[in-house]
Amino acid sequence: MITSMSFAQASLKALTEEMERDPTVWVLGEDVRQGGVFGQYNGLYAKFGAERVVDTPIAEATIMGAGLGAALVGTRPVIEMRIADFVLPAMDELVNQIAKIRYMLGGQARASLVVRLPHGMLPGSAAQHSQTIENWFVNVPGLVVMTPATAADLAGMLKAAIRLDDPVLLFEPKALFKQIEDVPDVTTPLMPGKATVRRQGDDVTIVTWSLALRPSLAAADQLAAESISCEVIDLGTLWPWDAEAVARSLKKTGRLLVVQEGVLAGGFGGEVVASMIDRLGTKTLKTARRIGAPRIPVPFSPTLESEILLRPETIAKMLRELVA
Amino acid sequence: MRLLGLYQSMLRIRLFEELALEAHRNGEFGGYLHASSGQEAVPVGVCANLRKDDRLTSTHRGHGHGLAKGADIHAMMAELYGRETGACMGKGGSMHIADFSVGMLGANGIVAGGLPIAVGAAQGLKLLGSDAVVACFFGDGATNRGPFFEALNWASLYGLRVLFVCEDNGMSAFTYTNATTAGQGVLKRAESLGVPGETVDGNDLIAVDDTARRLIDEVRKTASPRILHARTYRWYGHTSTDAAPYRPKGEAEKARLNDPLPRLAKRLVEEGVNQAMLDQIIFDTRATLNDARDQARSASFPQSADAFNDVQDCGAEARIVS
């Protein structure tokens, strides 16, 4: 059975089910008792009470670090960072403490926690509230990095993230929190590391994730009308990522386009291309390109911001160049 | 006799640090060593009043915290030597020493890094219905970092069982803390954040013990935080390779006159403990330490494949084979 619901509602349903199942799961973050900025926590406080739904001060470092401390004594915190950009004041706690504690302490500790990070472009939000920086954390050993593109995936990934004993960063497309999609009534945990082929095709492989999926699918639609068949792979997780699924597709198409919302320079797209060259060689992988944002802070004014926004037309143009 | 046990506990730390420093000087292991020589009375006096299920967070200068909480001395020494028998299987070294079996949640290479972790641990314990206390150690240098202010506010706000222990040795690495610190001191800062406390002579084991007992009792009963501000002195430089040239001549020598060990020994003798007993304790403790060092020296190093475990369970990168 399927129900139509928003991304926010899907995540709330998944979280509620987990909190019912496991009394050690709890939530901390700013304004969560009021339902959170995007309504992802509506009704949770009334249902689970003051000790399990905790409103925090605006103190990101301690929101993150306290989450770790609570995990070390046997609870499973869900740490709400409000928006991904606000993870920056908590970087030491995330990168130096959470990511490394299991390893440094020889396995004595498990940072069994989830960090929720609404991310990406939301027009008008400007430089400090619009960043897409999930790739930074792929570079940090010890962190699982999940990037759901659909409401159903968000729900499944949140469940898996809560159950995993490794620290999981869940980047949630904030522009889509109100978007209604079909969500199965039963949410099974969606373990990290499996990509989803969103559209089958033979001529070119698009690899993408999170907010960039929609414009990629729209571009694929445009090209279908021109008899060019695109395979669209939604990675779902950036670490660990499903390189095997991408390689399988490229053995068919030989052409790769990575589409990401974040800054192109140093983005995960480069990792995908380099990795596929490693795996397949340049005989099988005939051509590979990437689309991402220019290396500028996100501007405010709409005429400037449009330089950053991913457009299906831009993606389609590059796809045509790839198959020409 | 209890105080005799505490004397031995301090001695254990003193000798551990001396042996570790010597071994490091001789190149027996690498990395940075932050010795807590001279500061022994603080962790010993505090930990004497903690239960086994109480937790402790530490600093980069954490050997004394670990030993005082009851961490295995052999495992600790082996960790410094980077051996597979080390407390952290050789993965952490001196700065990340830990023993979760006695509630020692880890030394920390980031100044003030332990504060958010400590308050979170206390918050988790509260959720689990436990009245366990978390002793959160940090130095005077840490009181200038953001997480110090955040964590004290947090513990006070949520009513958490945290004893904040400030080991005030007056130094922030190579610089005197008072040269980089405004305001009226750590106790006033703590009070302004809702955390009452006391200053104590950190080299007077009995004073630390008495004050810690009282404060821990209050923390446990009232479920609210306290701060123990212990004035002490760091005998050596910031690290083992820092000769502390920034210290005026004679300062360290003068401070050693205030050594917490002979101060306690004097009290013990006054209470009827004879010197022969003390000598036996020194002899026995030295033997234990020598044994720990010898065992560490001859223990195996971890296998290179072990570099790849305990990163994460899913999708940990396979070893790169050429």
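The values are calculated or read from the model by the stated rules, or taken from the named source; none is laboratory data. Owing to the predicted nature of the structure, the values given are computational and were not obtained by experimental measurement. Reconstructed Cβ throughout: ideal geometry from the backbone, glycine too, with neighbour counts over all protein chains shown. Just the protein is used for accessible areas: all its heavy atoms, side chains included, with ligands, DNA and RNA removed. Shrake-Rupley method; radii C 1.70, N 1.55, O 1.52, S 1.80 Å.
See the values below:
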read-out	value
Residue tally, condition in contact with a helix residue (DSSP H, G or I) (Cβ under 7 Å, 6 or more places away or on another chain) and without any contact (Cβ under 8 Å) to a residue 40 or more places away in the chain, over the stretch A:248-290	12
Qualifying residue in the stretch B:283-306 (condition: surrounded by fewer than 16 Cβ atoms within 10 Å (Cβ to Cβ), closer than 30 Å to A:W241 by Cβ and in contact with an Asp or Glu (Cβ under 9 Å, 6 or more places away or on another chain))	yes
Any hit, the stretch B:2-14, residues being surrounded by fewer than 24 Cβ atoms within 10 Å (Cβ to Cβ) and not in a helix (DSSP H, G or I)	no
Helices (runs of 4 or more DSSP H) wholly inside the stretch A:29-124 that include at least 1 residues being touching a Phe, Trp or Tyr at 6+ places or on another chain (Cβ under 9 Å) and open to solvent by 10 Å² or more (accessible area, probe 1.4 Å)	A:44-48, A:60-72
Pairs where the first residue, in the stretch A:143-164, is open to solvent by 10 Å² or more (accessible area, probe 1.4 Å) and the second is hydroxyl-bearing (S, T, Y), C-beta under 7 Å, 6+ apart	A:K159/A:T187
Those residues of the stretch A:186-231 which are under 15 Å from the mean Cα position of the chain (by Cα), in a loop (DSSP other than H, G, I, E, B) and aliphatic (A, V, I, L, M), in sequence order	A:L190, A:M191, A:A195
Subset of the stretch B:87-109 [free of Cβ contacts under 8 Å to residues at least 60 places away in the same chain and either part of a loop (DSSP other than H, G, I, E, B) or of a type in the set (G, A, S) (or both)]	B:A87, B:C88, B:G92, B:I97, B:A98, B:S101, B:G103, B:L105, B:G106, B:A107, B:N108, B:G109
Scan of the stretch A:194-218 for residues that are crowded, with 19+ Cβ neighbours inside 10 Å and either within 14 Å of chain B (Cβ to nearest Cβ) or at pLDDT below 95 (or both), ordered by number	A:A195
Restricting the stretch B:87-136 to residues that are hydroxyl-bearing (S, T, Y) and under 17 Å from the mean Cα position of the chain (by Cα), the residue that is nearest to the other protein chains (Cβ to nearest Cβ)	B:S101
Neighbours by Cβ (under 8 Å, 6+ apart or cross-chain): first from the stretch B:277-299, of a type in the set (G, A, S); second open to solvent by 60 Å² or more (accessible area, probe 1.4 Å)	B:A296/B:T85; B:A299/B:E84; B:A299/B:T85
Residues being crowded, with 23+ Cβ neighbours inside 10 Å and over 19 Å from the mean Cα position of the chain (by Cα) - total across the stretch B:137-151	1
Qualifying residues in the stretch A:222-279 (those that are open to solvent by less than 40 Å² (accessible area, probe 1.4 Å) and of a type in the set (D, E)) - the one nearest to A:E307 (Cα to Cα)	A:E261
Residue identified as open to solvent by 50 Å² or more (accessible area, probe 1.4 Å), of a type in the set (S, T, Y), away from chain B (no Cβ under 13 Å) and out of contact with any Lys or Arg (no Cβ under 7 Å at 6 or more places or on another chain) among A:S4, A:S11	A:S4
Boolean, B:G64 is under 26 Å from B:F29 (Cα atoms), in contact with a Pro (Cβ under 7 Å, 6 or more places away or on another chain) and open to solvent by less than 20 Å² (accessible area, probe 1.4 Å)	yes
Selection status of A:F171, of a type outside the set (A, V, I, L, M), crowded, with 24+ Cβ neighbours inside 10 Å and away from chain B (no Cβ under 11 Å)	yes
Meets criteria (of a type in the set (S, T, N, Q), closer than 24 Å to B:A299 by Cβ and open to solvent by 20 Å² or more (accessible area, probe 1.4 Å)) for B:N26	yes
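Results for (1) facing another protein chain (nearest Cβ under 10 Å); (2) closer than 20 Å to A:I162 by Cα; (3) under 22 Å from the mean Cα position of the chain (by Cα), shown as yes or no for each residue.
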position	(1), (2), (3)
A:V37	no, no, yes
A:G43	no, yes, no
A:R76	yes, yes, yes
A:A99	yes, yes, yes
A:R102	yes, yes, no
A:V115	no, yes, yes
A:N135	no, no, yes
